[in-house]
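Scroll down for the structure; my scribbles are underneath it.
The values are calculated or read from the model by the stated rules, or taken from the named source; none is laboratory data. Remember, it's a predicted structure, so these values are computed and weren't measured experimentally. FYI the Cβ positions are ideal-geometry reconstructions off the backbone, even for glycines, and counts take in every protein chain you see.
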Amino acid sequence: MSDEREPKRRTSHRPKGRRFSRRTRVWGLLLVTATVVGTGTALFVNAAEGESPKAVASIGPTTAPFAPRFAQSGLVTNEFAFLHPGEPRSKLSRDWITTSGSLFAKDGAGWTGVPDADDTGPDSARHTDSAVFRLVTRRRDFGPVTVRVRVRLDRPVTTPRTPARDWDGGHVWLRYRSPRELYALSFRRRDGAVVIKRKIAGVGRPQDEDNEGYSTLAEGRHALSYGTWHEVEASAVNQPSGAVRLRLGIDGKTVLTVEDRTPGPLRRPGGVGLRADNTELLFRDFRATAGPS
């Protein structure tokens, strides 16, 4: 994850003749979702499981915990479902949105699959596109929140479209309001750093629309081992002063903490999620609860 840019989304291998770019469609879908959720109720259809539409409430911050479960195997959702929510072949999740890459279930855990940088298709049978993996909750009502999750990362790889970058690794998202408004807490990067960043639209260097606005709030060193399980905690809590206090913990130890004194829209509730770059990620026991850790 860079202050300037991340590996750009691939476009040359996408089907020709589409009227709108992927970025335009992503923003359109997010805008529609935000508009519907803003009324207090959003409709979601788990078409792949043959279920009827279900209402998902999202009115202000909540204290309801979020603890999704995973099956033993199979595709949970992918970027195809995000881009084509009305397509009968799309695999939608009641809990998660994958804006890039694929989310699988594996032995009761969530899994990116083996990362590559090719289109997933509806079933992610041949390709995962998880070299650029972006996962966020459907819920956007997490105010003061702590995310606890067990993670296992493999060593970073590269693909022809995603070269090695310092920020390759795993990150937790907090207060996710859109791709341009969020906190990112990096718990393992290729360069061994741990970092807390803020992203707000219109702030930062505009070299790449997808990364405009990243600002580093805190940075340290903590290179957790690859191929083994670790416990990660990430929290965001509003302070009476108007700041947002952010904390990153790994294996029971606080490795970074900082107060964002100019959070702007990030004082408001948002989603939580995970990001992985050029890295195979397994995670289990994901739980988001109200309040500080």
(message) I need the full set of residues from the stretch 113-156 which are under 19 Å from GLU233 (Cα atoms) and among the polar types (S, T, N, Q), in order please.
(response) THR137, THR146
(message) From the list VAL237, VAL272, VAL258, exactly one residue is touching a residue at least 24 places away in the same chain (Cβ under 8 Å), buried (at least 21 other Cβ atoms within 10 Å of the Cβ), assigned to a strand (DSSP E or B) and among the β-branched types (Val, Ile, Thr). Which is it?
(response) VAL272
(request) Filter the stretch 199-217 down to residues that are out of contact with any Lys or Arg (no Cβ under 9 Å at 6 or more places or on another chain) and under 17 Å from LEU266 (Cβ atoms) and give me whichever is modelled with the lowest pLDDT. (result) GLY204
(message) On the basis of being crowded, with 23+ Cβ neighbours inside 10 Å and under 27 Å from ARG161 (Cβ atoms), does ALA288 make the cut?
(response) no
(message) Can you report the number of residues in the stretch 83-130 which are outside any strand (DSSP E or B) and either more than 13 Å from the chain's Cα centre (by Cα) or at pLDDT below 95 (or both)?
(response) 31
(message) Within the stretch 158-180, does at least one residue satisfy the condition of being at negative phi, at pLDDT below 95, of a type in the set (Lys, Arg) and not in a strand (DSSP E or B)?
(response) yes
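Kindly provide the set of residues from the stretch 165-179 that are over 12 Å from the mean Cα position of the chain (by Cα) and of a type in the set (Lys, Arg), ordered by number.
ARG165
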